[in-house]
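Below is one structure, written out as structure tokens; comments come after it.
The numbers here are math on the coordinates, done by the rules we state, and not lab data. Everything numeric in this text was worked out from a predicted model, so none of it was measured. Backbone-built Cβ (ideal geometry, glycine too); neighbour counts: all protein chains shown.
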Amino acid sequence: MQLKQRQKIIGVVTIVAFLSFFLPTHFVYAFWWDLPSINDLVALFFQTVFNLIGGVIAVVSTALNYAVSVRAGGDIPVVATTWKILRDFSNMIFIVLLIYMAFATIFDQGKYTFKDMIVRFLIVAVLINFSLVIGIFVIDAVQVLTNIFLGSIGNIGDRLGQYLSPGELLPSSAIGTASLAGGGLVSLIFAVILSSILLFSMLVALAFAFIRVPIIWMLLVVSPLAWMSHVLPNSEQWWKKWWSLFFGWNLFLPVYLFFIYLGLLFLSKRNEIINSVIQVGTTTNPANTPLVNTLTNGLTFNLLFFYIFAAVVMVGGTWAATKVTSMVGTGFDKGLGWAKGLVKKVPLPYVGNLQGAEAGVKARYGQFQQEGFKNPWLNKVYGGKEAQSRADARARDFFRVGERNAIEKQEAAEIATNKAKIRNMNTNDLRTRMSTGPRVQQLAVRELLKERNQLTGAEIIETYRMHGGDHTENGRKFIGSVDYGKLSGTERTNLLRESTDPTVRQKIAAVMAEKGNMGTTPADHVDWLANNARELYAQGSERIDFIQKAEKEDFMATIEAKSRLAAAGEIEIRDGAAIITTVPDILRVRVQKMKADALAEVDRDAWGTFGAPPTDFFTEVQDKIRALQVAQPPVAGAAGPPPIPPKPGGGEVFKANILKEVTDNRKLRIINTITP
Amino acid sequence: MNIYSPYEIDMEKLSSVPTELEIFTHKFVGLPRNIKDIMLLTAPGFIWTLAQNYNLTEEQSGNISRIIRDILLGDLFAGDMSQTISERLELDQQTAQQIRDKLVKELFAPAIEDIKKIQREKFPDRVGQGSANTPRPAMPQPPAPPQMKNGPPVNQSNIINLRQNSNS
């Protein structure tokens with residue numbers, strides 16, 4: 001507490017001592033043995049204050065003159081050294097930013113992704129090294145403007161002194177001490193107030209003029225950080241703020257000087273202005289009439305107005321300069337945005353213009369975000385939103401949360417989306433994409449090719465395996481919709497072995513039976529049919545239907561397979577009420593039930609060879625035809641009139657129907673030998 | 001052997017010559033089903049009736065079966081049918097024309113497009129000429145009144161006069 005008191009005392013004494021430098025060097029009427037009156041003391045006081053203010057104004061005007069002449073830019077070692085440290089530091093941060101950007105891209109973190117940051121990142125990485133040069137360039141450019149006003153104004157203190165003579169404010173010496181009791185004292189007080197206002201306004205201007213230099217230096221020093229802040233979206237405001245401040249503090253001086261210039265111009269023409277406004281002669285000008293009637297000095301309205309005007313210009317100029325420059329700072333932002341837009345519209349080869357290219361890049365990036373890397377291996381590193389959805393679905397499946405098979409449903413949805421995108425692509429293009437890109441895209445391409453019947457058997461099997469085979473619903477659905485007839489015998493055999501889905505296996509086995517993929521020898525055929533009928537079907541009727549699918553390829557094998565299963569009680573075949581199990585019985589019953597077209601399609605081996613002894617099958621067919629002929633004998637024609645043509649027998653018609661359906665001339669020759 | 005069946009007419013003979021049988025069966029299995037249907041099922045009754053109507057002998061009936069078979073197999077140009085009938089059956093041109101018309105309009109009608117196709121394939125040059133010089137088998141002409149050399153007796157009670165019915 002004592003210390004503070006002492007500091008206050010020291011401070012006051014120091015200020016008084018400092019101000020004493022500005023005291024006038026001569027006093028009037030002040031002798032200690034000649035005691036002055038109260039009025040004299042008051043007048044002395046105000047005069048002292050006035051003189052003191054006048055002295056300070058003189059110093060401030062000199063300082064202001066110096067301050068406005070200081071150039072903030074140029075080669076300043078301290079600034080350059082500190083700037084280098086921060087520049088190096090910023091360059092170091094770039095590495096961190098790169099890593100951050102990579103992770104943000106992988107995890108799709110809003111505005112910090114590659115797409116959002118890379119352009120600014122590259123621009124800033126280059127320009128950050130020129131930030132000092134750019135700053136100095138701006139300072140130099142503004143200095144040109146400043147120099148114009150400085151050249152026009154000259155020394156501000158001199159000019160103010162020239163147009164605002166403080167002596168005019170004092171009471172005239174001719175008035176004498178007597179007048180001090182009246183209007184002289186008032187005039188003196190006015191002089192003090194006006195000179196105080198002038199001093200204050202000059203101090204404000206001086207403060208701003210001086211403070212701008214270290215601020216600009218500081219802004220230059222931190223310019224690398226400001227540029228760096230432009231990279232990150234959230235810190236971009238700092239970059240804008242920096243430019244706003246930098247432009248503001250640079251432009252402060254020329255704007256301030258402009259207002260001062262205007263003010264001084266006004267002051268220099270004050271008489272002309274007053275005359276033109278009042279439109280009377282100077283002698284009769286009421287503005288020149290002393291404000292206090294008893295006064296004979298020059299404290300007129302005219303003088304008062306221009307002092308106040310000068311103060312307003314000084315303070316107002318400072319205020320306006322700060323406002324205007326902050327507007328310039330904001331305007332800089334807008335101007336930058338406008339310039340960007342203009343640049344983006346400049347036509348460019350291949351991409352139209354930068355705006356178009358940017359839209360293209362954004363679209364491509366959107367696709368990248370959705371699908372991730374095209375390369376299957378890189379896609380595992382980053383597979384976009386689709387990969388994320390798959391991961392989510394996989395997690396749901398693992399933890400048994402939500403619907404079952406979420407991952408498969410997710411994948412099916414992605415395949416459907418991808419298919420919709422490439423549906424109009426031609427087949428050749430699709431084939432080139434069949435084995436490239438992420439797995440989901442490959443599957444979409446392959447499914448489209450399958451719909452167009454453009455997948456080979458091997459590719460169908462490959463696609464089925466890519467789907468995950470029978471372990472996935474998508475795999476089962478895919479293979480379930482395949483035309484197994486397009487596969488080779490080996491492929492079907494392998495697929496039957498590989499597949500675990502009963503429905504799919506039944507379909508494949510049925511095609512294999514129809515195509516004769518049942519082994520090499522007739523015995524193999526019988527084994528294959530019997531085993532698969534037993535394995536793939538539970539019902540006896542289904543087993544029989546399955547076996548009969550092989551009738552076109554090996555009719556007798558089907559009869560023997562049925563016989564084997566019938567003997568084992570695994571199927572039941574009836575001839576009327578009796579259950580039959582032997583090959584001849586089953587053959588007979590089957591041939592009896594078969595229509596002409598089905599018999600015509602029975603394999604050539606069953607029919608036998610032309611000129612060779614008839615086969616059991618041939619004999620059964622012949623017996624059937626003969627039985628039909630007996631049952632429906634031919635009717636001879638009647639001569640009429642009108643003539644009624646003969647009607648062939650049932651056997652003849654049945655044989656004709658078989659002949660009509662036969663497509664194998666060797667079978668035809670054998671069937672020809674049947675006599676009804 | 002059924003002489004009224006274009007399929008069976010020479011089957012015994014063909015069967016004794018394997019190469020000829022091979023050729024015949026090869027051609028037959030390649031035919032469209034409706035032509036096979038004519039050859040196997042429709043033609044025998046039709047030819048029998050034709051033989052009755054025109055009092056054709058068995059030999060003439062066998063020949064008309066062969067002509068029909070050859071046309072259906074594409075071995076005979078349909079544009080020559082009228083003349084071939086006249087020559088092989090030894091009939092006058094007018095009767096041969098009538099038989100030809102009857103065959104084309106009635107027997108071949110269900111399979112006329114397939115017969116045309118076979119004829120075009122087998123006789124590509126003659127089909128163009130035939131259209132100018134000879135009546136096209138595939139384009140039946142308006143029905144002509146039956147003017148048979150020995151026309152069958154018609155029971156008038158079987159004919160319904162539609163005009164009288166409509167007027168009455």
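On the basis of the beta-carbon distance and an R0 of 25 Å, residue B:121 and residue B:83 show a calculated FRET efficiency of 0.70.
Per-residue Cβ neighbour counts within 10 Å put A:127, B:73 in the sequence A:127, B:73, beginning with the fewest.
Taking 32 Å as the limit for the C-alpha separation, the pairs A:647/B:105; A:111/A:241; A:624/B:27; A:624/B:117 exceed it in the case of A:624/B:117.
Computed from the C-beta positions of residue A:234 and residue A:91 and an R0 of 22 Å, the FRET efficiency is 0.60 to the nearest 0.05. Each of A:587, A:245, A:145 has some number of other Cβ atoms within 10 Å of its Cβ, and from fewest to most they run A:145, A:245, A:587.
Full extension from residue A:364 to residue A:80: what is 0.36 nm times the residue separation minus their Cα-Cα distance, to one decimal in nm?
Between residue A:364 and residue A:80, full extension yields 98.0 nm more.
Which net charge results for the neighbourhood of residue B:109, defined as the other residues with beta-carbon distances under 13 angstrom from its beta-carbon, given Lys and Arg at +1 and Asp and Glu at -1? Counting the neighbours of residue B:109, the net charge comes to -2.
My understanding is that a pair violates if its Cα-Cα distance is over 20 Å; which of A:419/A:450; A:655/B:36; A:269/A:323; A:362/A:385 do that in this structure? Listed pairs above 20 Å: A:269/A:323.
When a/c reaches 1.5 or more, the comparison of a/b and b/c decides; with that in mind, is region B:17-104 rounded, prolate or oblate per its Cα gyration tensor? It is prolate, given that a/c is not under 1.5 and a/b is the larger ratio.
A straight line joining the Cα centroids of region A:440-469 and region A:649-676 runs 44 Å.
Distance from the C-alpha centroid of region A:528-574 to that of region B:8-49: 37 Å, rounded to the whole angstrom. Where a Cα-Cα gap under 19 Å defines reach, which aspartates and glutamates qualify for residue A:374, not counting those fewer than 8 residues away within the same chain? Counting by Cα, and skipping residues close in sequence, residue A:374 has these aspartates and glutamates nearby: A:108, A:386, A:411, A:414, A:429, A:447.
Computed about its Cα centre, the charge dipole of region B:11-140 is approximately 420 debye, with only Lys, Arg, Asp and Glu carrying charge at their Cβ. Of A:113, A:14, the sequence from fewest to most neighbouring Cβ atoms within 10 angstrom is A:14, A:113.
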